[in-house]
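Undergrad: Handing you a structure now.
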Amino acid sequence: MTRRAVVTLAAVALAGGVFVSGANAAPSPCSSKQCADEVAAECPGLSGKDLDNCKTSVLNQCKLGVCSCTGDPTLPACGPTTTTTTTTTSTTTTTITTTTTTPSTTAPPLACCKQSTPGGPFDQCTIQTAEACVFSGGRVFEQSSCTPNPCEPTTTTTTSTTTTTTTTFGTTTTTIPACTFLLKWGVPAGTGNGQLSFPNGVATDGSGNVYVADTGNDRIQKFDANGTFLTTWGSSGSGNGQFNSPNYVVIDGSGNVYVSDAGNARIQKFDASSTFLTTWGSSGSGNGQFSFPDGVATDGSGNVYVADTGNDRIQKFDASGTFLTTWGSFGSGNGQFDSPIGVATDGSGNVYVADANNDRIQKFDASGTFLTTWGSSGSGNGQFIIPYGVGTDGSGNVYVADTSNARIQKFDASGTFLYTWGSFGSGDGQFTFPVDVATDGSGNVYVADRSNNSIQKFACP
């Protein structure tokens, strides 16, 4: 197969940091109106493709919950995804009556005796005492009475009820709330504290703090959940604690920080106070070597997973950097990759990989055994165009930075599409080059938008 070029940081930098799109500039945020009114207000004098682009922008704003969008039957409905369930249950009751005739059995003190006709069969049944039956040879000695008569056949009536339940299932009801824009920070681009230059990675810790791989500034910046600057470390270079294009960052359960130092072909580990702890890796294709390492993730056992992009594989290490295993090769088959960029884990230890040039997500267990995959090239729901980043939340949902579609898509752990938000632009809730996504324990989602030099925060109930 032929490799498709991935837009790298260097390529964006050479282009002056501008991501070009054919779409018109997004309209201003809309108020609560119907679609037809919004289109008329925000897209005056447009026709053809320009009008279609403007309608799309209005719809994307509706999907973010910025405005209501229900009045134009030619435009799709916006807002949360809701389907309707119809379940019908019918019960059928069948009554079966069974009559069983059983010959009687004798029991003292009465016995059923037949009086014989000389030379013929027993043809008469009378109630006799046991002694009469024994000593009189069936002749009438003294007739007695008994209720019920043990000499007569016994009739038993049994009634049983059979219940049959028939259930007809309709469409499963799923209501997914829209993700709401909360805030953004990092702009305008720059080198000051809190400013960003081509931020490529974003991660959170157990306290809700946010770490950003400020790639263009060769540093890591730490913020609180409201985007307030806390601290920063790193500078350009190859020494311990220095970086050459730090692309992705992740925090483990102990608060340690791992950074994929892509240009130096290594991983660096720091404690929660940014003190350097260790580093591993060098340029190459051997075990523990890297060719432009990108995404980095940790699991509950402290293991570290690295998307070794240039070598089309995932490598797994322990918390000290000792090599454990690797999987993947160049290709489009299950378990193969074409520029794997993002990697994430869930609470069950499963590993998700953003297989960028194959326009898909692949899911593996912790040993690298292939489990499932989803996605194809396109802009429909569940499709991707060069997805860079992937993240998970505490409920097992999967978020994908669908980079060239300028949006985020949300799936369940099996890859079922749930929701999407975003459109091309620089407004709130819009993206030009979303490259990474992270979640916190409160249901918030953070997106690193590289070309807009910003981090955006959304509430996703």
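Undergrad: Could you run through the range 360-378 and say how many residues are not in a strand (DSSP E or B) and not aliphatic (A, V, I, L, M)?
TA: Looking only at the range 360-378, we keep the residues that are not in a strand (DSSP E or B), and these are 365-369, 375-376, 378.
Narrowing the set further to residues that are not aliphatic (A, V, I, L, M) leaves 365, 367-369, 375-376, 378.
Residues flagged as not in a strand (DSSP E or B) and not aliphatic (A, V, I, L, M) within the range 360-378 amount to 7.
Undergrad: Restricted to the range 274-288, and to residues that are more than 15 Å from Asn240 (Cβ to Cβ) and part of a loop (DSSP other than H, G, I, E, B), which residue is most open to solvent (accessible area, probe 1.4 Å)?
TA: Only one residue fits best here, namely Asn287.
Undergrad: Within 20 Å of Gly208 (Cα to Cα) and touching a residue at least 60 places away in the same chain (Cβ under 8 Å) - does that describe any residue in the range 412-423?
TA: Looking through the range 412-423, none of the residues is within 20 Å of Gly208 (Cα to Cα) and touching a residue at least 60 places away in the same chain (Cβ under 8 Å).
Undergrad: Could I ask something else about it? If a residue must be over 21 Å from the mean Cα position of the chain (by Cα), surrounded by fewer than 18 Cβ atoms within 10 Å (Cβ to Cβ) and touching a residue at least 40 places away in the same chain (Cβ under 8 Å), how many such residues does the range 331-350 contain?
TA: Looking only at that region, the number is 2.
A quick yes/no check of all residues on (1) of a type in the set (A, V, I, L, M); (2) under 17 Å from Gly335 (Cβ atoms); (3) within 12 Å of the chain's Cα centre (by Cα):
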site	(1), (2), (3)
Tyr352	no, yes, yes
Ala356	yes, yes, no
Asp365	no, yes, no
Asn381	no, no, no
Ile386	yes, no, no
Gly396	no, no, yes
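Undergrad: If you take the residues of the range 200-243 that are touching a Pro at 6+ places or on another chain (Cβ under 8 Å) and assigned to a strand (DSSP E or B), which of them is surrounded by the most Cβ atoms within 10 Å (Cβ to Cβ)?
TA: Ala213
Undergrad: May I pose another question? Restricted to the range 255-273, and to residues that are part of a loop (DSSP other than H, G, I, E, B) and among the hydrophobic types (A, V, I, L, M, F, W, C), which residue is surrounded by the most Cβ atoms within 10 Å (Cβ to Cβ)?
TA: Only one residue tops the list, namely Ala265.
Undergrad: From the list Ala132, Ala178, which one is buried (at least 18 other Cβ atoms within 10 Å of the Cβ), at pLDDT below 95, in a loop (DSSP other than H, G, I, E, B) and not acidic (Asp, Glu)?
TA: Just a single option satisfies the conditions, and that option is Ala178.
Undergrad: Scan (1) in contact with a helix residue (DSSP H, G or I) (Cβ under 6 Å, 6 or more places away or on another chain); (2) of a type outside the set (A, V, I, L, M, F, W, C); (3) closer than 19 Å to Val304 by Cβ for the single condition Ser339 breaks and write down its number.
TA: Tallying (1) in contact with a helix residue (DSSP H, G or I) (Cβ under 6 Å, 6 or more places away or on another chain); (2) of a type outside the set (A, V, I, L, M, F, W, C); (3) closer than 19 Å to Val304 by Cβ, Ser339 fails exactly one: (3).
Undergrad: Which is surrounded by fewer than 19 Cβ atoms within 10 Å (Cβ to Cβ), in contact (Cβ under 8 Å) with a residue 12 or more places away in the chain and aromatic (Phe, Trp, Tyr), of Phe323, Phe364?
TA: That would be Phe323, the only listed residue that is surrounded by fewer than 19 Cβ atoms within 10 Å (Cβ to Cβ), in contact (Cβ under 8 Å) with a residue 12 or more places away in the chain and aromatic (Phe, Trp, Tyr).
Undergrad: While we're on this one: For the range 378-391, give me each residue that is of a type in the set (Ser, Thr, Tyr) and out of contact with any strand residue (DSSP E or B) (no Cβ under 7 Å at 6 or more places or on another chain).
TA: Residue satisfying the conditions is Ser379 alone.
Undergrad: Considering only residues that are of a type in the set (A, V, I, L, M), closer than 15 Å to Pro387 by Cβ and part of a loop (DSSP other than H, G, I, E, B), which ones fall in the range 400-435?
TA: Listed by number, the list holds a single entry, Ala406.
Undergrad: In the range 289-303, which residues are touching a Ser or Thr at 6+ places or on another chain (Cβ under 9 Å) and surrounded by fewer than 19 Cβ atoms within 10 Å (Cβ to Cβ)?
TA: Across the range 289-303, the qualifying residues are Gln289, Ser291, Gly300, Gly302.
Undergrad: Out of (1) open to solvent by 10 Å² or more (accessible area, probe 1.4 Å); (2) over 19 Å from the mean Cα position of the chain (by Cα), the odd one out for Phe317 is which?
TA: The failed condition is (1).
The values are calculated or read from the model by the stated rules, or taken from the named source; none is laboratory data. Just so you know, these numbers come straight off a predicted model, no measurement behind them. When we count neighbours, we look across all protein chains shown, and the Cβ atoms used for this are built from the backbone with ideal geometry, even at glycine. These accessible areas exclude ligands, DNA and RNA; they are computed on the full protein's heavy atoms, side chains included. Shrake-Rupley method; radii C 1.70, N 1.55, O 1.52, S 1.80 Å.
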